[in-house]
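One structure below.
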Amino acid sequence: MEQPASYYDEVYSRPVSDYTIPVEEAPWLPLWETAASYAIKGGPCHVVDIGCGPGHFPSILLKRYPTWTEEGGTYTGIDFSSKAIGLGKKVALGLKWILRDLNDDEPIPDADLYVTMEFLEHIHEDLRVMKKLKAGAEIFLTVPNVNDIAHVRYFPELKNAVNRYGQFIDIAYAYQITDEHYAISGKIKG
């Protein structure tokens, strides 16, 4: 079931959770590290992180590639949880953060690389969000193969995710990245 921002504000406020452990111990570390490799593969670029959560991905990106922003890399994180945005601002200083519900009618900022990890399964309007992405931009997305109370959908098989998002992406790679997650990368279709 799609949850309101207040649900995630409460999740990110819990004193003990997967979101409060060191990022190197979090179950999503392989996702964040892979996204970081995409952010640096062709040189620094502009990354827009859709459903960014509390800033774990940019934290890993800046730890692994500390000169990324000095070399021209820019980052914009978008989330509708004020708690997530507040935490992100603390762990990844100097980056741009936008508090916003992506179910709105506003365009998503242009990017060289869109990253959306463990977000699309949480909203009913995931396809509408995909339609807002700039044609020709790179994308790295992940989705789960397990269900959760906060999921609107999940993908029991990789082909389910490929079929859903392949209409928007010229897929370069689609694979199982962890026991519970699939990854898809490529370019947004024009």
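Would you please list the contacts, defined by Cβ atoms under 9 Å and residues six or more apart or on different chains, that run from a residue in the range 81-92 that is under 22 Å from GLU2 (Cα atoms) to a residue that is among the polar types (S, T, N, Q) and surrounded by fewer than 22 Cβ atoms within 10 Å (Cβ to Cβ)?
Filtered contacts from the range 81-92: SER81/SER6; LYS83/SER13.
If we scan the range 25-48, do we find a residue that is over 24 Å from GLU2 (Cα atoms) and of a type in the set (Asp, Glu)? Walk me through it before giving the result.
Let us first name the residues in the range 25-48 that are over 24 Å from GLU2 (Cα atoms), namely 25, 29-30, 33-47.
Restricting the remaining residues to those that are of a type in the set (Asp, Glu) gives 25, 33.
Looking for residues that are over 24 Å from GLU2 (Cα atoms) and of a type in the set (Asp, Glu), one finds at least one in the range 25-48, hence yes.
Going residue by residue through the range 116-124, is there one that turns out to be in contact with a Leu (Cβ under 7 Å, 6 or more places away or on another chain), of a type in the set (Val, Ile, Thr) and surrounded by 22 or more Cβ atoms within 10 Å (Cβ to Cβ)?
yes
In the range 1-114, which strands (runs of 3 or more DSSP E) lie fully inside it and hold 3 or more residues that are crowded, with 19+ Cβ neighbours inside 10 Å?
Correct list: 46-50, 74-79.
Examine the range 12-23 for a residue that is within 16 Å of the chain's Cα centre (by Cα), of a type in the set (A, V, I, L, M, F, W, C) and modelled with pLDDT under 95, and state whether such a residue exists.
yes
Just to be sure I understand, how many residues within the range 165-190 are polar (S, T, N, Q), over 15 Å from VAL115 (Cβ atoms) and either assigned to a strand (DSSP E or B) or touching a Cys at 6+ places or on another chain (Cβ under 9 Å) (or both)?
Total meeting the criteria: 2.
So GLY88 clears everything in (1) over 24 Å from LYS132 (Cα atoms); (2) touching a His at 6+ places or on another chain (Cβ under 9 Å); (3) among the small types (Gly, Ala, Ser) except one condition, right? Which one?
Failed condition: (1).
Kindly indicate the residue of the range 93-124 that is within 19 Å of SER6 (Cβ to Cβ), among the aliphatic types (A, V, I, L, M) and in contact with a Phe, Trp or Tyr (Cβ under 9 Å, 6 or more places away or on another chain) and also modelled with the lowest pLDDT among those meeting that condition.
Only one residue tops the list, namely LEU102.
Please work out which one of (1) hydrophobic (A, V, I, L, M, F, W, C); (2) closer than 19 Å to SER81 by Cα; (3) at pLDDT 95 or above; (4) assigned to a loop (DSSP other than H, G, I, E, B) is the condition ILE149 fails and give its number.
(3)
The values are calculated or read from the model by the stated rules, or taken from the named source; none is laboratory data. Quick caveat, the model's predicted, so the values are computed rather than measured. Note: ideal-geometry Cβ built from the backbone for every residue, glycine included; neighbour counts use all protein chains shown.
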